[in-house]
Amino acid sequence: MELTAGFEHFVRTDEPLAQYTGLKLGGSAEYFAEPTSVEELAAVVKRSRELNIPTRVLGGGSNLLINDDGVPGLVIYLHHPAFSTIEIDGNRLTAGGGAKLAHVISTAVGNGLAGLEGLAGVPGTVGGALHGNAGGNGVDIGHRTVEATVMTRAGEIVTRTAQDLHFTYRESSLDELVILNGVFELEPTDSQELTRRMQKFWIVQKASQPGGSENMGYLFFDPPGLSASSLIEQSGLKGTKVGGAEICAEHTNFVLTSPEATASDVARLAELVQGRVKEVTGMDLKCQLTSW
Ligand SMILES: Cc1cc2nc3c(=O)[nH]c(=O)nc-3n(C[C@H](O)[C@H](O)[C@H](O)COP(=O)(O)OP(=O)(O)OC[C@H]3O[C@@H](n4cnc5c(N)ncnc54)[C@H](O)[C@@H]3O)c2cc1C
């Protein structure tokens with residue numbers, strides 16, 4: 001059976017992926033699903049497993065490097081509002097995996113709930129943030145996560161509670177196929193005071209990123225106790241270019257891409273930086289972009 005049979009209303013073929021990513025490059029997905037309900041999601045996940053089709057989930061695309069030749073198999077995009085709900089019950093906020101992190105933070109702050117505001121300015125979705133334990137301003141999303149609902153590769157829905165959730169620097173134990181939602185335990189705080197705090201964090205975060213509307217990606221994890229951008233700067237790599245990919249001169253842990261850039265330019269630039277940083281500082285930098 002074809003993957004798309006009966007799913008034509010939400011599965012397309014040969015979908016260009018550049019438009020869904022921060023780097024704005026790379027090829028097409030063989031199959032691209034935008035389910036409109038958990039039932040549709042489960043049905044396409046089960047079908048892809050039966051047919052042995054590799055399957056991936058796309059969040060906000062802020063951390064993805066899409067291969068120039070495209071992505072074989074199925075890419076699932078949780079863009080429908082069914083996957084972006086945000087609900088508050090007392091101190092707990094539950095957010096869908098497809099919800100924009102920025103929206104979740106402003107909802108929490110607007111309701112006088114503190115704990116996520118340090119992540120203001122981090123792009124992407126709740127699913128992407130939970131998958132990679134996104135952090136900023138000394139906090140990470142895992143600190144506040146008490147529960148998550150996931151869908152396994154078999155299409156089953158499982159709730160993961162605090163005991164089996166583990167978060168370390170930019171890593172989490174949430175490795176099932178789809179993160180459907182996360183539950184965050186927050187602290188009641190004066191909403192106006194919290195808004196000021198969030199604005200301050202947002203300004204700090206934005207000041208550490210390239211401004212404007214450039215196409216960009218965040219390149220390397222910070223080695224323990226060190227900053228990847230300082231190591232890159234010390235190694236004299238500001239503004240280094242490979243094809244259409246360039247190390248941002250002001251914020252050296254970011255790669256900027258021109259419309260002509262390819263994924264291979266970005267990968268070669270990352271390798272060049274890793275080699276030079278090792279030579280000059282002796283440190284190994286680990287690329288944080290997920291390559292598809
Ligand atoms: C300008 C800029 C600034 C950044 N600043 C920070 C920062 O301060 N701190 C930080 O931690 N990161 C930062 N990042 C990196 C990036 O924003 C985070 O890693 C973000 O959490 C990725 O979320 P996303 O939704 O865009 O995920 P994507 O890039 O779409 O995907 C990343 C990974 O998460 C998986 N994933 C996404 N959604 C789901 C889901 N629902 N279920 C299962 N898996 C899923 C994908 O399969 C993929 O493996 C920055 C990036 C940029 C471009």
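Numbers at a glance
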quantity	calculated
222 nm mean residue ellipticity, helices alone, for the chain (DSSP H n ≥ 4; -39,500 (n - 2.57); rounded to 500)	-7500 deg cm²/dmol
Rounded accessible area per residue of the stretch 141-292, 1.4 Å, Å²	52 Å²
Solvent-accessible area per residue, Å², over the stretch 11-81 with all protein chains present [probe radius 1.4 Å]	43 Å²
Antiparallel content of DSSP bridges confined to the chain, in %, to 5	80 percent
Low-density loop positions, chymotrypsin sites (Phe, Trp or Tyr not before Pro), the stretch 146-210 - DSSP coil, at most 14 other Cβ in 10 Å	Y169
Whole-Å distance, taken between Cα centres, linking the stretch 223-292 and the stretch 165-202	28 Å
Chain lengthening between A162 and T290 when straightened (0.36 nm per residue, less Cα-Cα)	43.5 nm
Heavy atoms of S48 accessible to a 1.4 Å probe, total area in Å² rounded to 10	0 Å²
The stretch 1-110: C-alpha gyration tensor shape, a/c 1.5 cut-off, then a/b vs b/c	oblate
Residue-wise HN-Hα coupling along the stretch 117-128, computed from phi with Karplus coefficients 6.51, -1.76, 1.60 (Hz; x: Gly, Pro)	4, x, 8, 4, x, 7, x, x, 10, 4, x, x
Surface share of carbon and sulfur [accessible, 1.4 angstrom probe, percent] for the chain	50 percent
Lysine pairs with alpha-carbon atoms under 21 Å apart, the chain, spacing 8 or more or separate chains	11
Estimated vicinal HN-Hα couplings, Hz - the stretch 111-116 in sequence order (Karplus 6.51, -1.76, 1.60; Gly, Pro = x)	9, x, 10, 9, x, 10
Estimated FRET transfer efficiency (S208, S258; beta-carbon r; R0 30 Å; 0.05)	0.85
Mean Kyte hydropathy of -1.0 or more with a Cα span along the axis of at least 20 Å, helices from DSSP in the chain	191-207, 263-281
Debye-sum result for the chain in log10 I(q)/I(0), which assumes one identical scatterer on each alpha carbon, at q = 0.13, 0.14, 0.16 Å⁻¹	-0.95, -1.09, -1.32
Fully extended contour minus Cα-Cα distance, from L51 to N111, at 0.36 nm per residue	17.1 nm
Vicinal HN-Hα couplings computed from phi for the stretch 20-25 (Karplus, 6.51 cos²θ - 1.76 cosθ + 1.60; Hz; Gly/Pro x)	9, 10, x, 7, 6, 8
Interchain or long-range residues, amide H under 5 Å from G73's placed H	E30, Y31
Point-to-point label distance, A82-D190, nm (Cα→Cβ direction, 7 Å offset)	4.4 nm
Within the stretch 143-157, backbone nitrogen closer than 18 Å to the virtual label 7 Å beyond the Cα of S173 toward Cβ	143-153
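The values are calculated or read from the model by the stated rules, or taken from the named source; none is laboratory data. These numbers come from a predicted model, not from an experiment. Because the Cβ atoms are built from the backbone with ideal geometry, glycine has one as well, and the counts that use them run over all protein chains shown. Accessible surface areas use protein heavy atoms only, side chains included; no ligands, DNA or RNA. Shrake-Rupley method; radii C 1.70, N 1.55, O 1.52, S 1.80 Å.
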